[in-house]
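Encoded as structure tokens, the structure appears first; notes follow it.
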């Protein structure tokens, strides 16, 4: 009978520990995700920044999107930012991503850069490109990358 009681108490303790870990992970993920995307980076530059540079020799465009991710939770997180250029049939034309591990209380910048030739850029600006959608995806994971969630935003291209 003593062994059964010990087993019962062990199972209850394991269930309580699992619930506490899950709650801590969800809290960490939500506060980090919402805090990063609703607030701004240092200097109030906003949560998402866009940089566009032209290579003077070739005319190629480098489009960089940066996101300042802040870990406001209790556990280390894995923050993932993905940038995709999609056709009308949702086929991926270009894809770039950045992933960083962020300790509690710290922040890091995630950046994805897509390079387009001069011809591709001109087609994109005039709406004659085969790119119909630009997709921005954010993902936050914690507790050995087992608990997490993400969100995607599709931005239609010029037409």
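The values are calculated or read from the model by the stated rules, or taken from the named source; none is laboratory data. From a predicted model like this one, the values you see are computed outputs, not experimental measurements. Please note: Cβ atoms are built from the backbone with ideal geometry, for glycine as well, and neighbour counts cover all protein chains shown.
Restricting attention to region 63-76, which residues are more than 14 Å from the chain's Cα centre (by Cα), closer than 16 Å to residue 124 by Cβ and at pLDDT 90 or above?
Here is the first cut: in region 63-76, the residues more than 14 Å from the chain's Cα centre (by Cα) are 63-64, 72-76.
From what is left, the residues that are closer than 16 Å to residue 124 by Cβ are 63-64.
Within region 63-76, 64 is the sole residue that qualifies.
Output the number of residues of region 94-136 satisfying the condition of being in contact (Cβ under 8 Å) with a residue 60 or more places away in the chain and over 16 Å from the mean Cα position of the chain (by Cα).
3
Among all residue pairs at least 6 apart or on different chains, which show Cβ distances below 8 Å where the first residue, located in region 75-89, is at positive phi and touching a residue at least 60 places away in the same chain (Cβ under 8 Å) and the second is part of a strand (DSSP E or B) and surrounded by fewer than 21 Cβ atoms within 10 Å (Cβ to Cβ)?
none
For region 82-112, how many residues meet the condition of being closer than 20 Å to residue 49 by Cα, at pLDDT below 90 and surrounded by fewer than 17 Cβ atoms within 10 Å (Cβ to Cβ)?
Kept after step one, since they are closer than 20 Å to residue 49 by Cα, are these residues of region 82-112: 82-85, 94-100, 102, 106-112.
Checking which are at pLDDT below 90 leaves us with 85, 94.
When the remaining residues are screened for being surrounded by fewer than 17 Cβ atoms within 10 Å (Cβ to Cβ), the result is 94.
Here the count works out to 1.
Mind counting the residues in region 113-136 that are in contact with a strand residue (DSSP E or B) (Cβ under 6 Å, 6 or more places away or on another chain) and either assigned to a loop (DSSP other than H, G, I, E, B) or at pLDDT 95 or above (or both)? Before you say what the answer is, go through the steps one by one.
At the first step, the residues of region 113-136 found to be in contact with a strand residue (DSSP E or B) (Cβ under 6 Å, 6 or more places away or on another chain) are 113-116, 121, 131, 133-136.
Remaining after also requiring either assigned to a loop (DSSP other than H, G, I, E, B) or at pLDDT 95 or above (or both): 131.
The number of residues fulfilling the criteria is 1.
Yes or no: residue 58 over 12 Å from the mean Cα position of the chain (by Cα) and within 28 Å of residue 132 (Cβ to Cβ)? First the steps, then the outcome.
Numbers: over 12 Å from the mean Cα position of the chain (by Cα): yes; within 28 Å of residue 132 (Cβ to Cβ): yes.
The answer is yes for residue 58.
Does residue 79 count as in a strand (DSSP E or B), modelled with pLDDT under 95 and either under 17 Å from the mean Cα position of the chain (by Cα) or closer than 17 Å to residue 62 by Cα (or both)? It would help to see each step written out before you state the result.
Details: in a strand (DSSP E or B): yes; modelled with pLDDT under 95: no; either under 17 Å from the mean Cα position of the chain (by Cα) or closer than 17 Å to residue 62 by Cα (or both): yes.
No; evaluated as a whole, the condition is false for this residue.
Consider residue 72 carefully, then state whether it is touching a helix residue (DSSP H, G or I) at 6+ places or on another chain (Cβ under 7 Å), surrounded by 14 or more Cβ atoms within 10 Å (Cβ to Cβ) and more than 15 Å from residue 149 (Cα to Cα). Full working, then the answer.
On the way: touching a helix residue (DSSP H, G or I) at 6+ places or on another chain (Cβ under 7 Å): yes; surrounded by 14 or more Cβ atoms within 10 Å (Cβ to Cβ): yes; more than 15 Å from residue 149 (Cα to Cα): yes.
Spelling it out, residue 72 is indeed touching a helix residue (DSSP H, G or I) at 6+ places or on another chain (Cβ under 7 Å), surrounded by 14 or more Cβ atoms within 10 Å (Cβ to Cβ) and more than 15 Å from residue 149 (Cα to Cα).
Quick one: in region 45-67, of everything that is farther than 30 Å from residue 107 by Cβ and touching a residue at least 60 places away in the same chain (Cβ under 8 Å), which residue is surrounded by the most Cβ atoms within 10 Å (Cβ to Cβ)? Let's see the steps before the verdict.
Filtering region 45-67 for residues farther than 30 Å from residue 107 by Cβ gives 55-60.
Next, from what is left, pick out any that are touching a residue at least 60 places away in the same chain (Cβ under 8 Å): 58-60.
Values: 58: 10, 59: 13, 60: 16.
Filtering first and then ranking leaves 60.
I'd like the residue in region 137-157 that is assigned to a loop (DSSP other than H, G, I, E, B) and surrounded by 15 or more Cβ atoms within 10 Å (Cβ to Cβ) and, out of all such residues, is farthest from the chain's Cα centre (by Cα). Can you show your working first?
Going residue by residue through region 137-157, those that are assigned to a loop (DSSP other than H, G, I, E, B) are 143-146, 157.
Filter once more, so that each one left must be surrounded by 15 or more Cβ atoms within 10 Å (Cβ to Cβ): 143, 157.
Details: 143: 17, 157: 21 Å.
Here the answer is 157.
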